[in-house]
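One structure is given below, encoded as structure tokens.
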Amino acid sequence: MNSLAFLNELIGLPPNASEHGYQIDHIIEFSHWFMGGLFVGWSAFFIYVLLRFRRSKHPVADHEGVKSGISTHLEFAVVLIEAVLLIGFAIPLWAKRVNSFPEDKDAIVVHVVGQQFNWNFHMPGPDGVFGRRDVSLVTNSNPMGIDYSDPASKDDITAGGELHVLKDRPVIIELSSKDVIHNFALPHMRIAQDAIPGQIIPMWFKPIKTGTFEIVCGQLCGLGHYSMKGSVVVDEPAEYQTWLKERAELSKTETVPAPTERPPGEPPVGPTPGTVPPPGGPKTANPSGEPDAKPGEAPKAPSPAATPH
Ligand SMILES: [Cu+2]
């Protein structure tokens, strides 16, 4: 960062903690300087014309307007700079975020589900395989809809509010929502993504600094939106292992509801009668509540991950 970067500090951008973040910072920084320049230029022009064409000097309107081509050139220059910013920097940077994902084996993969008003996390545990999830299994005590009859779910780790990851290791988040549209925003990591019910949307970043960083919900999602916060803790390997062990032990002591057990008042397991399947979704109804995803496949339904607090 050069000394011009003080603008980023001035507008309250927290210090960057991710690998790609400096590129975002450069765009933000340049855009603000550019807009500052435009503001000063247009303001000066405005004041100039107020004086230059004041009524006492020009009692009669001139209907021909500007004769020199200078304004055309200036406007073209502004359009050109904006096009370069967008096509040369912003779109390629965005494309890398959404197209160039690291391999799962080189990353920490986490299912994240937002709900009013907290963040739930689900990690695969030592076997590296996520237990099956199904939206029909979602309850208050199982916000991720994890199928605890699936052997792969036995060592799964769930957490709420706080997620630990490793420094210098990419993190892939598979994001969804249990209720309304939320936004998983990590200001220090310079990344944010909407969490949309019914969709699983991946996002990724690579933390390069250890520490505790805030997660905020970036969409106004209800009355408790202001309190929908969490934290990402970037650890060194030893601390990370300690946290995993702690969470694994806690997960064991938690009593999980039988998959088919539903709290009174909630609809029975399986698709709600009369529901139209989403485009590309399973064509047949699934009245038995049996898994409709093969092991290893991503669950089709978004479910919130939650942790037992
Ligand atoms: Cu929210």
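Descriptive notes on the structure:
- Residue among Pro143, Met203, Pro170 farthest towards the positive dipole end of the stretch 136-216, charges placed on Cβ: Pro170
- Rough spin-label spacing in nm, given labels placed 7 Å along Cα→Cβ, for Ser141 and Asp127: 2.2
- Computed from the C-beta positions of Ile11 and Ile208 and an R0 of 25 Å, the FRET efficiency is 0.65 to the nearest 0.05.
- Within straight-line reach of Lys67, meaning a Cα separation under 16 Å, sit the following aspartates and glutamates at least 8 residues removed in sequence or on another chain: Glu75.
- Of Lys178/Lys209; Lys96/Lys206; Lys105/Lys167, those spanning more than 21 Å from alpha-carbon to alpha-carbon: Lys178/Lys209
- Student exercise, the stretch 104-253 dipole from Lys, Arg, Asp, Glu Cβ charges, in Debye to nearest 20: 240
- Going by neighbour counts of Cβ atoms within 10 Å, the residues Asp134, Asp106, Asp127, Asp147 line up, fewest first, as Asp106, Asp127, Asp147, Asp134.
- Efficiency of FRET from Cβ geometry, Asp106 and Ile27, R₀ 25 Å, rounded to 0.05: 0.40
- Added length on full extension, which subtracts the Cα-Cα distance from 0.36 nm per residue, Val49 to Val180: 42.1 nm
- Counting DSSP beta bridges with both ends in the stretch 104-253, the antiparallel % (nearest 5): 70
- Estimated distance in nm for a label pair at Trp42 and Asn99, the labels positioned 7 Å out from Cα along Cα-to-Cβ: 3.3
Values quoted throughout were computed directly from the atomic coordinates according to the rules given, and no laboratory measurement underlies them. Fair warning: this is a prediction, and the values are worked out from it, not measured in the lab. Methodologically, a virtual Cβ is constructed for each residue, glycine included, from the backbone with ideal geometry; neighbour enumeration extends over all protein chains shown.
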